[in-house]
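Chemist: Take a look at this one; I'll ask things after.
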Ligand code: SF4
Ligand code: SF4
Ligand code: SF4
């Protein structure tokens, strides 16, 4: 295969046929901002933030959707490029209600960051009126159309990543909107609440309802863990504020889920905070359960098991371990039954 | 799973049987759908028109419980039309002649009649599978939850060996595990016949090894009881003291009335759980446990990947880590266990005692986990098993099996088949998901049935009906859907009211003692 090269900001670099300009740049750690581009999905070239200057080309070129060609001379950060990006950002800011004070995404918003780094100090265009009311109905996802920049990442996440095919582009011109089904609410559509659209939305147009006002990105610690539900074992980022999980997202690039989650992994985390949790050992006395100390409860169980084993032999006791709990817990329980009680009567719900 | 989720997006073909992946393993299904969108083929074998049917090249809607007849029919065609992988069969397997003899009893016409599909579709499946290789075979509880569950499993392995689809990337036999840590609980030996890492309790060497490691004598050699035997033991007095950690047996086992009678018969019952459940109602002592995110540790997923689980907060009130509770009981029996955290248990005990996990230490699984076997500290883990057709016990063994019908089949009094499973928005008996707002997306159980059956009974979508079996009856809302074929009712076990397990049949596969959740006979009455 003959080597292909191009010039990137004055440096000659090699690339593989089929790579886009954006991919080549990113492989050499040259940062080109992009809003609509979603890794692994078909590039749409919708946002025009990723434009670059290619010598000889009349207009600026969207780097996400343009294949790199042998001999191209590319500048990713020329004055012309910066000016164009700044104008695009201003237009996006004017396209809706980008009031960062009331936005959940502030501090973690790609548009806000771009506006700052391109020095946008005023919005010179009138702010467009909002034709679509915010959807607040379901308990998990808020759709704030006034903040939507129509980048289409959510559509790609739904169509190409999760393949749930619930949302698409609808209408045209000033009333353009991302629609669920034929413009229904998420509830009424084919949406299965995986929340992948929320995870990829670069701005505050799609946000987790349960996380609202619980802490901005800068106030949250990230803890990596494994989902407590099915046997796929997705990797999660727990977004934690003062020891409480306020939000869950998928760990990008992690095995096995590569950033993806389903409704249970993403929104099913807060059962641990239920007031109904068992909080203290209980002992049944005269038919009713009463609170007890650990020492009393452990002592009672140890005595009962000892007596039973002495009287009826080790195989008169049996235990069922938990297929949801930790490996170390199951190890410990079978060790107790085998090494201490001297029975192999230990099993778990392997069969359900 | 012999293979990995990471292979899904590269696979050229899938054979999915008895697995409602989009609902039960949603993220795995996304990778499968990606592959299909990129041109991979999908053969779906499922009595229901479940969501993956929209992506399938061939959807074979077999009758509930006819899997073996269907698979034998496919293998009959593969052999008769000379479409199987002779080289693999000769070099890597044994028992082919017996298999051949057996599947000759299942010509496509006969298999088709049992399975309720056409003979042509059976031929089509065989030819398609021979054409595009390898294919990944995936199954879930639709295969195992039958009185012939073990034979079903062997049948799927027969098919993949016959096609030479074992020991290769994007092939294999891949059971998707229902719960997050079923794989891990098995690996850790919460099973009556093995020590951690599947070392048999009836092997004297294994016993000697664990006696030394645990500092004890006379580890029991006789395999113990499985759950259904334990439960029956509660009634006949063989089991006097019973300890249930985490599981909500009163809702999750078949025939709730029977199960509750068994639990009520226990002389002494200990429950260890994060919530009060239908099961803890029967407890004499309840230990409050630390839940997910309240303790450090590991889970092992379906593809044998051991991943970290991390603590973010203390358990509420006086709740304690589960490993600590067991350790404290051991202490009261005079056993002083050294390990004092999950990491110490893993690094100093599990990985030392289980050879297949010897190379897994917490320091190595900070980010992505490792897939066992990981025999030593330098080993990168194993994406797929039986590389180049090398099976752990020499040759891959064909197990010729006959089709047997479910224990209870429809008759005049109970004319419909009830099949059960899980739905997307809930998990098991809802102890967790009912406390997360997910009830909003699925507030109650329904009985899913076909328009044809509903019409015949004069039942409207959404009306309350009565579903009855020989075990019990439930009042439940009718959900008329094209997913369910005529002759079938489909329900889940997420809700206590209208839980399918009031109806299911407590009969079990004789070897694995897995219950036949997937088939029993019911009648539906208008009320
Ligand atoms: S939540 Fe999931 S299914 Fe629903 S619109 Fe978003 S990506 Fe699509
Ligand atoms: S909702 Fe978010 S991701 Fe979707 S088009 Fe609007 S801004 Fe982009
Ligand atoms: S996020 Fe969904 S698919 Fe992933 S492990 Fe959790 S329950 Fe399974």
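Read-outs throughout are calculated quantities, based only on the coordinates presented, and are distinct from any laboratory measurement. None of the values given here were measured: they were computed from a predicted structure. Cβ atoms come from the backbone with ideal geometry, glycine included; neighbour counts cover every protein chain shown.
Chemist: Might you check whether a residue that is facing another protein chain (nearest Cβ under 10 Å) and either more than 12 Å from ligand 1 (Cβ to nearest atom) or in contact with a strand residue (DSSP E or B) (Cβ under 9 Å, 6 or more places away or on another chain) (or both) occurs anywhere in the stretch A:178-185?
Modeler: Kept after step one, since they are facing another protein chain (nearest Cβ under 10 Å), are these residues of the stretch A:178-185: none.
No: the stretch A:178-185 contains no residue that is facing another protein chain (nearest Cβ under 10 Å) and either more than 12 Å from ligand 1 (Cβ to nearest atom) or in contact with a strand residue (DSSP E or B) (Cβ under 9 Å, 6 or more places away or on another chain) (or both).
Chemist: Looking only at residues that are within 11 Å of residue A:199 (Cβ to Cβ) and out of contact with any helix residue (DSSP H, G or I) (no Cβ under 6 Å at 6 or more places or on another chain) in the stretch A:237-250, which one is nearest to the other protein chains (Cβ to nearest Cβ)?
Modeler: Among residues in the stretch A:237-250 that are within 11 Å of residue A:199 (Cβ to Cβ) and out of contact with any helix residue (DSSP H, G or I) (no Cβ under 6 Å at 6 or more places or on another chain), the one nearest to the other protein chains (Cβ to nearest Cβ) is A:250.
Chemist: Are any of the residues in the stretch A:245-261 in a loop (DSSP other than H, G, I, E, B), in contact (Cβ under 8 Å) with a residue 24 or more places away in the chain, over 15 Å from the mean Cα position of the chain (by Cα) and farther than 21 Å from residue B:422 by Cβ?
Modeler: No; the residues of the stretch A:245-261 include none that is in a loop (DSSP other than H, G, I, E, B), in contact (Cβ under 8 Å) with a residue 24 or more places away in the chain, over 15 Å from the mean Cα position of the chain (by Cα) and farther than 21 Å from residue B:422 by Cβ.
Chemist: A further question follows. When you scan the stretch B:470-484, how many residues do you find that are free of Cβ contacts under 8 Å to residues at least 60 places away in the same chain and closer than 24 Å to residue B:256 by Cβ?
Modeler: Residues meeting the conditions: 7.
Chemist: Follow-up. Which one is farthest from the other protein chains (Cβ to nearest Cβ), of the residues in the stretch A:266-276 that are surrounded by fewer than 22 Cβ atoms within 10 Å (Cβ to Cβ) and without any contact (Cβ under 8 Å) to a residue 24 or more places away in the chain?
Modeler: The residue in question is A:275.
Chemist: Quick one: which residue in A:127, A:155, A:198 is under 24 Å from residue B:29 (Cβ atoms), away from ligand 3 (no atom under 16 Å from the Cβ) and more than 14 Å from chain B (Cβ to nearest Cβ)? Even if it seems obvious, please write down each step before you answer.
Modeler: Values: A:127 fails: under 24 Å from residue B:29 (Cβ atoms); A:198 fails: away from ligand 3 (no atom under 16 Å from the Cβ).
Testing whether each residue is under 24 Å from residue B:29 (Cβ atoms), away from ligand 3 (no atom under 16 Å from the Cβ) and more than 14 Å from chain B (Cβ to nearest Cβ) leaves just A:155.
Chemist: Go through (1) touching a helix residue (DSSP H, G or I) at 6+ places or on another chain (Cβ under 9 Å); (2) part of a loop (DSSP other than H, G, I, E, B); (3) under 30 Å from residue B:177 (Cα atoms) for residue A:202 and report which single condition fails.
Modeler: Looking at each condition in turn, residue A:202 falls short on (3).
Chemist: If you don't mind, there's one more thing I want to ask. Consider the stretch A:281-302. How many of its residues are within 8 Å of another protein chain (Cβ to nearest Cβ), surrounded by fewer than 19 Cβ atoms within 10 Å (Cβ to Cβ) and in a helix (DSSP H, G or I)?
Modeler: 4
Chemist: Just to verify a result, which residue in the stretch A:38-51, among those that are in contact (Cβ under 8 Å) with a residue 60 or more places away in the chain and surrounded by 17 or more Cβ atoms within 10 Å (Cβ to Cβ), is farthest from ligand 3 (Cβ to nearest atom)?
Modeler: Filtering first and then ranking leaves A:49.
Chemist: Conditions first: (1) more than 29 Å from residue A:267 (Cα to Cα); (2) part of a loop (DSSP other than H, G, I, E, B); (3) in contact (Cβ under 8 Å) with a residue 12 or more places away in the chain. Residue A:98 passes all but one, so which condition is the exception?
Modeler: For residue A:98, the exception is condition (1).
Chemist: When you scan the stretch A:159-166, do you find a residue that is more than 9 Å from ligand 1 (Cβ to nearest atom), in contact (Cβ under 8 Å) with a residue 60 or more places away in the chain and closer than 23 Å to residue B:30 by Cα, even just one?
Modeler: Our first condition is that a residue be more than 9 Å from ligand 1 (Cβ to nearest atom); within the stretch A:159-166, this holds for A:160, A:163.
This time we only want the ones that are in contact (Cβ under 8 Å) with a residue 60 or more places away in the chain, so: A:160.
Going one step further and asking which of them are closer than 23 Å to residue B:30 by Cα, we end up with A:160.
Yes.
Chemist: I've got another one for you. Would you check which residues across the stretch A:186-205 are in contact with a strand residue (DSSP E or B) (Cβ under 9 Å, 6 or more places away or on another chain) and within 24 Å of residue B:34 (Cα to Cα) and list them?
Modeler: Result: A:186, A:189, A:190, A:191, A:193, A:195, A:196, A:197, A:198, A:199, A:200, A:201.
Chemist: Could you run through the stretch B:1-30 and say how many residues are without any contact (Cβ under 8 Å) to a residue 60 or more places away in the chain and surrounded by fewer than 24 Cβ atoms within 10 Å (Cβ to Cβ)?
Modeler: Result for the stretch B:1-30: 1.
Chemist: Within the stretch A:228-235, is there a residue that is surrounded by 24 or more Cβ atoms within 10 Å (Cβ to Cβ) and either within 16 Å of ligand 2 (Cβ to nearest atom) or under 13 Å from the mean Cα position of the chain (by Cα) (or both)?
Modeler: Yes.
Chemist: Return the total of residues in the stretch B:281-314 being under 17 Å from residue A:297 (Cβ atoms), outside any strand (DSSP E or B) and facing chain A (nearest Cβ under 8 Å).
Modeler: Total meeting the criteria: 2.
Chemist: Here is a list of conditions, (1) within 16 Å of ligand 1 (Cβ to nearest atom); (2) surrounded by fewer than 17 Cβ atoms within 10 Å (Cβ to Cβ), and residue A:217 meets all of them except one; can you say which number that is?
Modeler: (1)
Let's see how each residue does on (1) at the interface with chain A (Cβ under 7 Å from one of its Cβ atoms); (2) buried (at least 19 other Cβ atoms within 10 Å of the Cβ); (3) assigned to a helix (DSSP H, G or I); (4) touching a helix residue (DSSP H, G or I) at 6+ places or on another chain (Cβ under 9 Å):
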position: B:178; (1), (2), (3), (4): yes, yes, no, yes
position: B:184; (1), (2), (3), (4): yes, yes, yes, yes
position: B:202; (1), (2), (3), (4): no, no, no, no
position: B:205; (1), (2), (3), (4): no, no, yes, no
position: B:208; (1), (2), (3), (4): no, no, yes, no
position: B:212; (1), (2), (3), (4): no, no, yes, no
position: B:221; (1), (2), (3), (4): no, no, no, yes
